[in-house]
């Protein structure tokens, strides 16, 4: 203020403005105007980017993997149910999966639109990835195609017609393994039930349908930087009771990243990983993830609940399909957010599809 009064006394009125701006020129230049930086949104907060159901349906059309021989296969996004969005599900499962700005769309609601755009009679859901995983989902365009898909599925040895990829929060002790296991529902004293994996069971228990047999193979595809986690491939004969998650957690002691349902079934106690009682209160706690791993994912421990469950249905095998008896292998490339996580964890030598040659996704050989 004192500088301005001095200038006013020593200059004519017409010169005051020019002199004032000269003194404060560095604050008046256009180059120094502040431009706010664009906010970076974490990929796990953009899992459901669609603004309308029509936009969602069109994105599914872009993810069509195969449309021939009465089969339509899509690469299903994470957190999207096949069934009607108004259908009630298991609330305990829903509470374990936090999707930021989750949409309430379902594939069932857009099937008529997809069928029309693909110029097929109808799309009948047959088999594929569950809601909280990404990957293949297979439809038949009529009842005959659905019957052929079911027959092809049953022909495959021990039912292992699917291959899943998963990212674990630890590195398994063995690089590969083959298991024949049993699964059953264990009851608590209060009547609650939780699935457990058995290494011993009776034939009569299987006959009474008290034990479900599980044949499962796995192998490590790659380990992350600093060996903090693994990308593994699994083949399983059944998917009941979230068998893949249960197997990874309680048999490999390497829970699947983002699995807040079975991820705490094993815990580190005094440097040793052990199984805990499935009805213990700690089983409902958020799984503990290595701090270095969280840093690579740019996630704070307080934000851990938004990490999606990293399971991807990679392959589906249809043996001796249709009148031509073709062996059809459907293969789905990694999609968001699974692919982003792989890049962050720096997995090496991942066998991936060539996006420039989408026709190579499906390999068909004569039976």
Neighbour-count order for 349, 97, 310, fewest beta carbons within 10 angstrom listed first: 349, 97, 310
Cβ-derived FRET efficiency at R0 45 Å, residue 288 paired with residue 51, nearest 0.05: 0.80
Prolate/oblate/rounded label for the range 267-331 (Cα gyration tensor, a/c 1.5): prolate
Neighbour-count ranking [beta-carbon atoms within 10 angstrom, fewest first] of 151, 323: 323, 151
Burial ranking of peptide ranges 143-150, 226-233, 254-261 (average Cβ count within 10 Å, highest at the top): 254-261, 226-233, 143-150
Residue order, fewest to most beta carbons within 10 Å, for 167, 203, 299: 203, 299, 167
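Every number in this text was worked out from the coordinates using simple rules, so none of it is lab data. The structure presented is a predicted model; accordingly, all values stated were derived computationally and were not measured. Note: ideal-geometry Cβ built from the backbone for every residue, glycine included; neighbour counts use all protein chains shown.
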